[in-house]
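FYI, it's all coordinate maths here, none of it is from the lab. What you see is a predicted model; the values in this text were computed from it and never measured. Don't worry about glycine lacking a Cβ; one is built from the backbone with ideal geometry, like all the others, and counts go over all protein chains shown.
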């Protein structure tokens, strides 16, 4: 993967633009559907309880298949898997836009997630192949890649509102098709071909880990309606955990597993992935409930709500691109991860103090900017540390693991905080006080997860030379 005979500088940075576009689109596809959900519910017959599965179907397929995507990248070459992922994403987007029933819609979203699960680890493997041999350029390359995520999230909010208002909801999916075709046309000229190697694919392991994630998320999402104390909730949750344990057992006995368990002996790999998991489990619920607070409590429209998130997005992008690489070079990864997660926790606790009759300038802006600073400080060094495996041939696997950690954290964190918010009153859409009370509980829960991440990183990450 870290081949010193990489393309010359201009081509290398052009390739990075294509890789960053992949991150942009993958994250955009999680946020672009938000404004379109009411129209989709009416058109496709979703119930209010089942509507969240338009989001979950994508995230579960994405998170559950990332390890498979990483393994395929190592076996067949990252460029080939990257291109295949875009083709699958385009097919899923076409199907989701053409759907006439809820079942077909969820199938389309799952296919989209499968495409993203091929794209994301292959993109990171390509990034490391291009910039891994150049330590002076690597932090900046990772920073640009990381900054594409908040840009995609914000663009999704704006594009979703614009498309839903002036076109129709299917176009929130169809917009991916011309982008995918343009990327596929550019791939042969821009990205390095890479090499394939012999090996087998653990399809049973991929199915087991995906099923384990899906069942666990289903149990958490369903718990507020079924009751946390009900036997059904704990049976389903137990089945999810049993499937996950079965996956680990399978990996320990396979000759060529989906994830070689010995990779966890790499220095800092477990600590960096735990930081990514807890960061996502805190950050994604914060973004989700902040959007709801702006619209359902403060009464902002979709476009105004998206504009309100721009200062936070701009701060993240500026710090990731300009400041984070310099701080990593000066202090090393561990201090930034710990400080960043602590700042993220403080920002979310500040958001939990918002009032039903609050204002954006007082209740949202200062705390959201503090959370953005924390995310910017923690994301880049934890990602770079998670990718720094000793064996370059396992770059795709490392990419798959860290992407899986982030997406599993996103799915479980959002499911858990949604349950917390519902239990604390965020069900009555007509009562701003009840909504704010529930959202505040979710912000406090997310803050606790970020603080747990800071403490875990302090204990598990080893300091390394700058």
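Okay, here's what the table says:
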{"quantity": "√(5λ) per eigenvalue of the Cα gyration tensor, the stretch 16-107, largest first, Å", "calculated": "28, 13, 12"}
{"quantity": "Alpha-carbon centroids, the stretch 312-365 and the stretch 226-269: separation in whole Å", "calculated": "32 Å"}
{"quantity": "Extension gain, residue 11 back to residue 353 (0.36 nm per residue minus Cα-Cα distance, nm)", "calculated": "118.3 nm"}
{"quantity": "Residue-averaged 222 nm ellipticity for the chain, from DSSP H runs of 4+ at -39500 (n - 2.57), nearest 500", "calculated": "-25500 deg cm²/dmol"}
{"quantity": "Extension gain, residue 39 back to residue 186 (0.36 nm per residue minus Cα-Cα distance, nm)", "calculated": "49.4 nm"}
{"quantity": "Least to most buried among 184, 37 (fewest other Cβ within 10 Å first)", "calculated": "184, 37"}
{"quantity": "When the stretch 155-264 is reduced to its Cα atoms, the Kirkwood hydrodynamic radius in Å", "calculated": "18.4 Å"}
{"quantity": "FRET E, pair residue 448, residue 423, Förster distance 22 Å, beta-carbon r, rounded to 0.05", "calculated": "0.90"}
{"quantity": "Cα shape, the stretch 268-460, gyration tensor, a/c 1.5 rule", "calculated": "prolate"}
{"quantity": "Crossing angle, helix 231-253 versus the chain [Cα axis fit, 0-90 degrees, rounded to tens]", "calculated": "0 degrees"}
{"quantity": "Along principal axes, Cα extents of the stretch 208-257, largest first, whole Å", "calculated": "43, 15, 8"}
{"quantity": "Cα-based helix-to-principal-axis angle, 102-131 vs the chain, degrees rounded to 10", "calculated": "40 degrees"}
{"quantity": "FRET efficiency estimate (nearest 0.05) - Cβ-Cβ, residue 265 to residue 455, R0 30 angstrom", "calculated": "0.85"}
{"quantity": "Mean projected area in nm² (Cα convex hull; one quarter of hull surface) for the stretch 1-193", "calculated": "10.3 nm²"}
{"quantity": "Isotropic mean projected area of the C-alpha convex hull, the stretch 129-187 (nm²)", "calculated": "5.1 nm²"}
{"quantity": "Size-normalised alpha-carbon gyration radius of the chain, reference 2.2 N^0.38 Å", "calculated": "0.92"}
